[in-house]
Amino acid sequence: MSTKATQGAVPQKKPVVAIVTMFFIFAMISFVTNMAAPFGNIWGYRYEWAGMAGNLMNFLAYLFMGIPAGNMLIKYGYKKTALIALAVGAIGLGIQLLSSVVGADIIVIDGKTPTTLNLFIYLLGALVCGFCVCMLNTVVNPMLNLLGGGGNRGNQLVQMGGSFNSMAATATPLLVGMLIGNLTAKTSMSEVAPLVVTGIVIFILSFIIISLVKIQEPQAQLSKVKYEHSPLAFRHCMLGVIAIFLYVGIEIGIPGELNAWISNKFKFEGAAAVAGSLAALYWLMMLIGRVLSSAISGKVSPRTQMITVSSVAIILVLIAIFLPEKITFTSPAIESLDIKSGQVPMKCLFLFLCGLCTSVMWGGIFNLATEGLGKYTAKASGIFMMMVVGGGIMPYIQDWIGRSFGYINSYWLVVAMLVYILYYSLYGSKNVNKDIPVGEEPFDLRDL
């Protein structure tokens, strides 16, 4: 109990600065992550295998950095971990910038296809940026949950942070598109160099600002705490780890396969642009969903939200699978592209509407899986970050299904993953291990 609160002599500061800082970091995560796909278009135009390679490198970084990031959180605290992540992010973007000027004329032969060295420099930069966003994610999610005091309020802050994340997700590909213009065989990373430089500057400024901001370390004392168990000893945490793995696969797979389907199956002029606009609508739906969730999360529990959105998402995907392809529609976004053959199957409408549902899932699963973990929260966060690799693995499997058995049939995998998340929301998220000691609350909000 806070002595100052007991005396009533000094009014307590609310953790506003810390919360705003975490919101800003949430946006930076999306800014870096969402560079990978549009940048991949540059490389994919020359090398078919390289289109999603940068995205894959981003997600592979989580597999290697998830646990170390959680350990860093315990050893160094939230602020120092964030500063290290920002420095790594600036280096990663610097390597990507280097790929625009180094190695363009150096040829590496893999036996069949000549590949320029600067592609591999870019992929290295993407991997380093993946380390950055993994560390930032490890910081921001538990910090917001703890600053909100857990429960509904903690989930509300995570959803509000997600709104900033979605805004950056929407802006980044638009900025890349403006810089690239028309994609041709001559398009290179030098075209997007201004955006990369801007990202480096933002990281440097963020480093300076955060280094000057005083952030109370809610779990600073945990470096001295003994951990008798693993977070996975809690059933609801272990099942939540699986749910996160599948969720990220759903989030990336739905718009990714939608883009591939329209781009490859429909041959009218501008099909790729239409596919891109539909994928953008999905991310816009995620932004709307997170804003709505932020407004209601203080009153509606994460479990109730998760049960609702997972059920609705299953229905939407099933409709998309069974709806006849001959039923079409034209969206305002497609009309704005001035494409005469812009009519696309109505199936797409139900797929991008899934963004309203997936927008809630990250924060909801994280909140449910870490509720009641106490001192084990930071370690659990590292494990969760490791499982974000699902965003690279599951879409790859879905894409293989799509190319082998039909793009729409690949969404049966999405249905299966959604069914698991519904199960987790209904039953798997219940804490049945309350007999495991978790220590005292890591901090008192009135001391912040």
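Residues with amide H under 5 Å of THR328's amide H, sequence separation 5 or more or different chain, H placed in the peptide plane at 1.01 Å from N; which?
MET346
Tabulate in residue order the Karplus-calculated ³J(HN,Hα) for region 424-431, using 6.51 cos²θ - 1.76 cosθ + 1.60 with θ = phi - 60°, rounded to whole Hz; enter x for Gly and Pro.
For region 424-431, the Karplus curve yields 4, 5, 7, 10, x, 7, 6, 7 Hz.
Compute the distance in nm between two label points, each set 7 Å from the Cα along the Cα-to-Cβ direction, one at GLU228 and one at LEU426.
The two pseudo-label positions are separated by 3.5 nm.
Expressed in nm to one decimal, what extension gain is obtained for the pair ARG235 and TYR76 from 0.36 nm per residue of sequence separation less their Cα-Cα distance?
Details: separation 159, 0.36 × 159 = 57.24 nm, distance 2.80 nm.
That works out to 54.4 nm of additional length.
Between VAL20 and SER190, how many nm apart are label points set 7 Å from Cα along the C-beta direction?
4.1 nm
Can you compute the FRET efficiency between ALA171 and PHE405 using 1/(1 + (r/R0)^6), with r the Cβ-Cβ distance and R0 = 25 Å? Round to the nearest 0.05.
0.10
I need the calculated FRET efficiency for the pair ILE315 and ILE436, taking r as the beta carbon distance and R₀ as 45 Å, to the nearest 0.05. Spell out each step's value before the answer.
Working: r = 37 Å, r/R0 = 0.83.
The calculated FRET efficiency here is 0.75.
Taking 0.36 nm per residue of sequence separation and subtracting the Cα-Cα distance, how much length would be gained by fully extending the chain between ILE327 and VAL419, in nm to one decimal?
Answer, rounded to one decimal: 30.4 nm.
Every number here is computed from the coordinates shown, using simple stated rules; none is lab data. Note that the structure is a prediction, hence the values are computed from the model and not measured. Cβ: placed from backbone, ideal geometry, glycine included. Neighbour counts: every protein chain shown.
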